[in-house]
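Worksheet for the structure shown next.
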Amino acid sequence: FGFRVHSQILIQAEESLFGFLPTIKLQEIFYQLAIVHWYDVFFMLVYFTHFLYPLLIALYLWFNNRGLFQKFTSALLLTSFSAFIFFTLFPTMPPWMASQNKIIPPVHKIINETLDKTQLNHSLSGFYQKLNPNPVAALPSLHSGYVTLALLTLLEFNPIIGLAFLPLPLAIWFGTVYLGEHYVV
């Protein structure tokens, strides 16, 4: 709709909070251009499948707690539509794009680089490109939002099940920042 794409407000917020950009720091520590590490593939696959988790949680709740199912799916729809409105009115570029536009130091788009270096490129690359309709939707992160909502719902349903689910949100929260797709804020 012709709205200006934002980046500076997120960069300034991260620098104010941390004194540095977490994506850059994580990539300096963990990423190696010539090597595909197991965690590059792991975070990429977790990132790709983020939309599947709320569906599986909804299915689980459908069979185990219809009231919580309705609450969860309502919250999921509200989250999705709110994010869509935010993406439309306040488009934000992810760290990799801010780097490409020379706004911040180099940030690798690890997903693309990992796909290019692995056999996964042939089976996932075209699929991935078709599922990326809005490259300026870095805030809010639905990847983080969906699993956070699922975690909170599972903790309400059964704290033990919720805590067992915790590694997945942790992986997505870390991965989205490490991969250069979203900011911590």
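Number of residues in the range 166-185 that are assigned to a helix (DSSP H, G or I) and in contact (Cβ under 8 Å) with a residue 24 or more places away in the chain: the value is 10.
Do you know which residues across the range 134-150 are surrounded by fewer than 18 Cβ atoms within 10 Å (Cβ to Cβ) and not in a loop (DSSP other than H, G, I, E, B)? Once the filter is applied, which keeps residues that are surrounded by fewer than 18 Cβ atoms within 10 Å (Cβ to Cβ) and not in a loop (DSSP other than H, G, I, E, B), the range 134-150 yields only Thr148.
Only the coordinates and a few stated rules stand behind these numbers; no lab work does. Nothing here was measured: the structure is a model prediction, and the numbers come from that model. Note that each Cβ is placed from the backbone with ideal geometry, even for glycine, and that neighbours are counted across all protein chains shown.
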